[in-house]
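*Asks:* Let me give you the structure first, and then I'll get to my questions.
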Amino acid sequence: ALIEGVAAIAGRFDLLMVTFLLLALLADAADQRGPVTRAVAVFIAFLAAWLFGTVDGVFVACMIDRSRHRLCAGVIGTAVFLATAANLFIIPHPAWLAAAGLIGIPIAAFLTAGLCRRLFRPGVATHD
């Protein structure tokens, strides 16, 4: 029963992440307002995808281990942070996007852990 719930939540958040990536591609294809506006729209959509990817990972980890929300946020947040830092090192990004991503990912991880602490109490089943 736990696996079904985790798969359902993971599928919903992955859909949000993919939606923002598709919006980035759509913004890149629609070159009506100029290259600067297009680039900003693409980068904002990528930032949203990074943050929703973090939220997805922490939420699923908290569903699996309902007693250690901060540990889940720390592990998932660190993994996504390091992957993002490697991405930023390999592929040049604007400074504002790099700063927003590296600051926003840990914040998103720990805010999600706080939400999970309220939603998932240890030993309490959410559904039968």
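The values are calculated or read from the model by the stated rules, or taken from the named source; none is laboratory data. All of these numbers come straight from a predicted model, not from anything done at the bench. Heads up, the Cβs are rebuilt from the backbone with ideal geometry, glycines too, and the neighbour counts pull from every protein chain shown. For the accessible areas, the whole protein counts, side chains as well, though only heavy atoms, and no ligand, DNA or RNA atoms are used. Shrake-Rupley method; radii C 1.70, N 1.55, O 1.52, S 1.80 Å.
*Asks:* Taking region 45-79 only, how many residues are farther than 15 Å from Ile105 by Cβ and in a helix (DSSP H, G or I)? Show your work before the answer.
*Replies:* So in region 45-79, the residues farther than 15 Å from Ile105 by Cβ come out as 45, 60, 62-71.
Remaining after also requiring in a helix (DSSP H, G or I): 45, 60, 62-64, 69-71.
Residues flagged as farther than 15 Å from Ile105 by Cβ and in a helix (DSSP H, G or I) within region 45-79 amount to 8.
*Asks:* Here's a follow-up. Restricting to region 21-42, name every residue that is open to solvent by 50 Å² or more (accessible area, probe 1.4 Å) and either modelled with pLDDT of 70 or more or in a helix (DSSP H, G or I) (or both). Even if it seems obvious, please write down each step before you answer.
*Replies:* In the first step, residues of region 21-42 are kept if they are open to solvent by 50 Å² or more (accessible area, probe 1.4 Å); the result is 21-23, 25-26, 28-33, 35-38, 40.
Correct list: Leu21, Leu22, Leu23, Leu25, Leu26, Asp28, Ala29, Pro35, Val36, Thr37, Arg38, Val40.
*Asks:* Considering (1) closer than 22 Å to Ala99 by Cα; (2) at pLDDT 75 or above, say which one Met63 fails and leave the rest.
*Replies:* It fails just one condition, (1).
*Asks:* Report, by residue number, each residue of region 64-122 that is crowded, with 17+ Cβ neighbours inside 10 Å, under 24 Å from Ala41 (Cα atoms) and touching a His at 6+ places or on another chain (Cβ under 9 Å).
*Replies:* Scanning region 64-122 gives a single hit, Gly101.
*Asks:* Just to be sure, is Leu82 assigned to a helix (DSSP H, G or I), modelled with pLDDT of 85 or more and under 12 Å from Pro106 (Cβ atoms)?
*Replies:* Values: assigned to a helix (DSSP H, G or I): yes; modelled with pLDDT of 85 or more: yes; under 12 Å from Pro106 (Cβ atoms): yes.
Yes, satisfied.
*Asks:* On the given criteria, is Ala48 aliphatic (A, V, I, L, M), over 30 Å from Phe120 (Cα atoms) and modelled with pLDDT under 85? So that I can check it myself, show each step before the final result.
*Replies:* Numbers: aliphatic (A, V, I, L, M): yes; over 30 Å from Phe120 (Cα atoms): no; modelled with pLDDT under 85: yes.
So Ala48 does not fit the description; no.
*Asks:* Residue by residue through region 44-85, note down the ones that are more than 12 Å from the chain's Cα centre (by Cα) and touching a residue at least 24 places away in the same chain (Cβ under 8 Å).
*Replies:* Answer for region 44-85, where residues must be more than 12 Å from the chain's Cα centre (by Cα) and touching a residue at least 24 places away in the same chain (Cβ under 8 Å): Cys62, Met63, Ile64, Arg66, Ser67, His69, Arg70, Cys72, Gly74.
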